[in-house]
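Worksheet for the structure shown next.
The values are calculated or read from the model by the stated rules, or taken from the named source; none is laboratory data. Note that the structure is a prediction, hence the values are computed from the model and not measured. Backbone-built Cβ (ideal geometry, glycine too); neighbour counts: all protein chains shown. Protein only, heavy atoms only, side chains kept; ligands, DNA and RNA dropped before computing areas. Shrake-Rupley method; radii C 1.70, N 1.55, O 1.52, S 1.80 Å.
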Amino acid sequence: MHMLALLSIVALAGRSDTPRVLWSVPTSSHSFGSGAIADADGDGNLDVAFAGYFGDAKVRMLRGKDGSELWSYHDPDPKRDDCYDASLRFADLGDGKLSLIVPCSSGCRVLAFDAATGAVKWNTYLGAGECIDTPPFIGSVDGVGTIGVVVGTFKGKLHVLSSEGKILRSIKVAPGAVQSCPIVTDLDADGVPDFIAGNFKGDHAMHAVSGRDASELWKVQTGSHIYHGPSTWNPRGDGSVHFVFGSYDGKVYSVDEKGTPDFVVAPGERYFMSPTAILDIDADGKDECIAACEKVSAINADGKVLWQHSVGASGGWTSITRGVSIADLNADGVKDLAYLTGDGVFRILNAKDGSVQCEFNARSVCGQGYVVSDSSNGPVIGDLNADGLLDVFFVVGGGGNKKADGTSEPRFGRAICLTGFAGKASADNAWPMIRHDLRNSGNARGPMQSGTRVE
């Protein structure tokens, strides 16, 4: 573990704050998706949880202040090499205690842990081939306020689990895999939440299905796969709810609650795997959309690209696959956009114009001979060292590629916490999980629920 090391930091635009590595922890593989932060053990300090890919197969809970391990979990069978590549979530599922909800993709399972101790509360098997890549939705899943956990699977289904882990219902959404983070909201004003999810392969569409009878409410056709689900935004400033998402066809789509198109725009990308993210850039009451791949593009209500930032050289691992995270990290009163590239570059942009505020090359933390590649991890932002200021956590990794002799390179990973940012931490200035909140809104002013409590 490297403590308080100054490594490969570039501070720009005359900022006095100089981020530094607070701590880092080696792992045996990548961590795909995103970690999550909360006070897991109730000591008043934030902790961070994340999970490992094949070659690591662990769920880890680390103390935010120093990266020391609070607990970790591996399947009781030591020979299992599971893939945890869906993002995890903290939530109080109604018993007054904090849980950690973790989908296991290769195991076709959803697990709930006691966040403080790592004890398994429940472990629900969804069925053969029901692999899970989706960050779960956690919230009300019916018309009477039942709290549940919703995940999508490779068999084109959404599974709705109770707070005790019982499968309440399974909804066939579409042909092909549902890898997108579900949105659960009442689309047709019948008092029952409905479900929105995109599909990978299959018919290449975003689907909305009725929560009452699972019939299709609408479908938005795209030209290719959809990996992440839509963000919820109010582009007109009139209180109406719209949904915006990217597709592997290189386009960004926005629709209203009835599936009626607002716009389709092609910002000049080869594809979009990343989720969109939402904020009101100019404080006029109208949301803007941030879409990311080899560029970061700010898009307004009319589908106009306001500005673009080029991430790096085209191709390779320079793209962004888990989107941007949003907070005012340098205390200038303007929200910033934080992202991680596949080759381990962490960067902060000013949301108003896309100018680079700070840059950090995570490759330098991993050591000589370690080549960072295909890192696909969304930064989480909060006060991890209890100094009142924001910190950033993410995981990079590499290896796993085939060698000339047919064997694979060993995988590696490195969990990194950066500190030294000037931005003050608050409920309105943090990004504690991928998609921002338990409802997958992707919106900086979405329902925070303290990142833990389901309302």
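In table form, for the structure just shown:
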quantity	calculated
Pairs from 219/286; 97/121; 121/166; 219/251; 251/402 whose Cα-Cα separation, in the structure shown, is over 22 Å	219/286; 251/402
Dipole magnitude of region 51-140, debye to nearest 20 (Cβ charges: Lys/Arg +1, Asp/Glu -1, about Cα centre)	200
Calculated [θ] (222 nm, deg cm²/dmol) that DSSP helices of n ≥ 4 give over the chain, each run adding -39,500 (n - 2.57)	0 deg cm²/dmol
Contact order normalised by residue count of the chain, Cα under 8 Å, 6+ apart, percent	15
Trypsin sites (Lys or Arg not before Pro) restricted to region 206-297 and DSSP loop, no more than 12 other C-beta within 10 Å	258, 270
Charge context of residue 25, other residues only, Cβ under 9 angstrom, K/R +1, D/E -1	+1
Solvent accessible area, Å² - residue 117, 1.4 Å probe, full protein context	90
By accessible area with a 1.4 Å probe, ligands and nucleic acids excluded, highest first: order of 359, 288	359, 288
Point-charge dipole on Cβ atoms (K/R +1, D/E -1) for the chain, about Cα centre, debye to 20	1000
Between region 228-242 and region 125-150, the alpha-carbon center distance in angstrom	23
Solvent accessible area, Å² - residue 389, 1.4 Å probe, full protein context	50
Region 70-142: trypsin sites (Lys or Arg not before Pro) in DSSP coil with no more than 15 other Cβ atoms inside 10 Å	79, 80, 97
Simple Cβ-charge dipole of region 132-224, Lys/Arg +1 and Asp/Glu -1, about Cα centre, in debye nearest 20	380
Accessible heavy-atom area order of 248, 253, highest first, probe of 1.4 Å	248, 253
